[in-house]
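All remarks here apply to the structure that follows.
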Amino acid sequence: MGPPGSGISSSPNCCYLRDMTDRAEAERLQGIAARLVEEARRRGADVAEASASSGWELTTKVRLGKPELVQEAGHRNVALRVMQSQRVASTSTSDWTVEGLERCVSDAMALVELSEPDPFAGPADPSLLSRGPYPELDLFDPAVDGIGADVALQKAEQAERAALDSDPRLQLSEGATLSRVSGWSALAFSSGFAATRRGSFVSLSVVPVVEDQGGKKRRGHYWTGHRHLVGLEPLEVVGRKAAERTLRQLGARKVPTCTAPILFEADAARSLVSSFIGCVLGGAVWRRSSYLAEREGSRVASPLVELVDDPLIPRGPGSRAFDGEGLASRVNVVVEGGILRTFLLDSYSARKLKRQSTASAGRSGGGVSSGTSNLIMKAGQQTPEELIASTPRGLYVTEMMGFGFNAVTGDFSRGASGFWIEDGKLAFPVSEVTISSNLDQMLQNIDGVANDLVLKTSLACPTLRVSEMTIAGEG
C-alpha cells in the first residue's frame, strides 16, 4: 500500500510495461486517472478531472542514403484539474510512482487554495456528458505500431532515392524522415464520465535540394501522412513529387510590386483557414481578441466557402468520439455559404458567452480550451489546373514564410514563393516577395475553389483563388 492516509495504492499496475495487452493498458490508464480523481475528492475538491496517456514514438531520418537519426521513446503523462469554490488549478506529471502521483494531487490542492475565484469556472454540464456507445472511428492501426527502426530507415531511404534518381541535377538532400506514433489515453471525471481511446499516425517526408545560379540552394519537399499504414502514398510517388517541387524552383526571381489575383496551393491555403479558425475559437471571442467577435450570422467569406468541423470521420487525423470534457462529438458547420454560423466553444467560453458548448473542448496538461477536430474547407468543382488556366495573370503561392497576422484587425502579411501566372499558364518561379491584404477581404474575395482536398492533417483545404492582393517585390 501507499503512505499512511493515502488513497493511491501501490501495485504492479503503476509500472510502465510495454508488453501488456491492449485492454490491460487501457484499464491501467483508466485506473490511474480514477484513483487521482478519488484522492482529490477525498482531500476536498468539489470537482476533479484526470487524464492519463501513454504511447511510443519512432523517428528515423536518412540523408544521402545513410542513416542520420534513429530516435525511439515511450511517453506517458497524467494531468489533474481540480475545482474548489469556483477556483481552478491543474498539475501534471510523468512520474507514475506512488509518491509521484501523490505529489500530483497534493500540488493541485495546494495551488487551488492560491487561485482566484472565477464565477465562470466549472465542469461541463453533467446532463450533456456522453454515456456511449461510441462510434467506431478506426483510429488505430497495429501495422503502424509494428514499424521497427530497420523498416522505417528502409522506407525513408527508398523515398529519398526515388527523389534523387529522378533527375541528375539533384545531388543534394536535407533527408527523408519517417515517423510514427501510437498510444492510449483515458479520462476520468468526478461527474462519473470515464472513457479511453487509442490512436496511431505515420508520416513520411522528403526534402531534396538543388543548386541554382549564383550558388543558391533551392529546397522543396513533399510529405504524406495517415492514421493507417496503407493510407500513405507510395514511397516512389512521395520522392518524385518532392523532386518535382524542388526542380520547379530553379531560376526563381522577384516580380514587380503590383496587385493581382493570388492562388494558394492547398498546403498554403491551410494557413489562411488556420488564421481564420483561430478567430472563431471561444477564447479569442470572449476576450474580444478576434475581428469576428461580433460577426456571427453575418457574411465573413465568399459564398464559395464552406467550413465544417467534423470529428466523426473514420480514420481522420483529428477524429474523436468525445471531446476533452466528455461531451459526445458532433459536426459543427462553422461557415455556410460564406455566413459565420457558429463559434467553437468549450464549457468555459460558452458560459462566458451565455451559450452551450459545441463539444469543441481540447485538453492539454490539465488545462481545457476550445479547439478543432477535423476542420475542413469543402472542395469545389474545378481542378487546380483549370483554376490556373482561368487566371490571365497572377501569383500561384506554394509556400509562405514568417507570421504576419493581426487577429484583432485581420491585417495579413506574409513572405511567399511560388510561380507567376501569365495567360493561364505557370510562366516562371517566384521567390522573395511579400503578399498582403486583410483576411476579411481575402476570404470574401475568394472567387475559385479547386477539388484537390486531401485529409492528411486535421486542418484540410483545397487550392483556392483570392481575386486581388498586394504583392511587394521589386521597385
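The values are calculated or read from the model by the stated rules, or taken from the named source; none is laboratory data. Remember, predicted model here, so these are calculated numbers, not experimental data. Cβ: placed from backbone, ideal geometry, glycine included. Neighbour counts: every protein chain shown.
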Lone qualifier among Val285, Val280 - being closer than 30 Å to Ser413 by Cα, of a type in the set (Val, Ile, Thr), touching a residue at least 12 places away in the same chain (Cβ under 8 Å) and touching a strand residue (DSSP E or B) at 6+ places or on another chain (Cβ under 8 Å): Val280
Breaking point among (1) out of contact with any helix residue (DSSP H, G or I) (no Cβ under 9 Å at 6 or more places or on another chain); (2) closer than 23 Å to Arg351 by Cα; (3) assigned to a strand (DSSP E or B), for Ser127: (3)
Hits in region 311-339 (condition: surrounded by 19 or more Cβ atoms within 10 Å (Cβ to Cβ) and under 14 Å from Val273 (Cβ atoms)): Gly318, Val334, Val335
Any hit, region 73-88, residues being polar (S, T, N, Q) and either in a strand (DSSP E or B) or assigned by TED's automatic domain parsing to the domain that holds Arg351 (or both): yes
Matching residues, region 406-428, being in contact with a strand residue (DSSP E or B) (Cβ under 7 Å, 6 or more places away or on another chain) and either modelled with pLDDT under 95 or closer than 14 Å to Leu263 by Cβ (or both): Ala416, Ser417, Gly418, Phe419, Trp420, Ile421, Glu422, Leu426, Ala427
Selection count where residues are assigned to a strand (DSSP E or B) and surrounded by fewer than 19 Cβ atoms within 10 Å (Cβ to Cβ), scope region 176-194: 2
Residue in region 307-319 that is in contact with a Cys (Cβ under 9 Å, 6 or more places away or on another chain) and of a type in the set (Gly, Ala, Ser) present: no
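Is it true that Gly402 is surrounded by fewer than 17 Cβ atoms within 10 Å (Cβ to Cβ), under 28 Å from Thr93 (Cα atoms) and of a type outside the set (Ser, Thr, Tyr)?
no
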Which numbered condition Val449 misses (of (1) at pLDDT below 95; (2) crowded, with 19+ Cβ neighbours inside 10 Å): (1)
Test result for Ser349, among the small types (Gly, Ala, Ser) and not in a loop (DSSP other than H, G, I, E, B): yes
Of the criteria (1) in the same structural domain as Leu344 (by TED's automatic domain parsing); (2) within 16 Å of the chain's Cα centre (by Cα), which one Thr224 fails: (1)
Residue that is surrounded by the fewest Cβ atoms within 10 Å (Cβ to Cβ), among those in region 195-243 that are of a type in the set (A, V, I, L, M) and part of a strand (DSSP E or B): Val209
Matching residues in region 107-123 - criterion: being out of contact with any strand residue (DSSP E or B) (no Cβ under 6 Å at 6 or more places or on another chain) and in a loop (DSSP other than H, G, I, E, B): Glu116, Asp118, Pro119, Phe120, Gly122
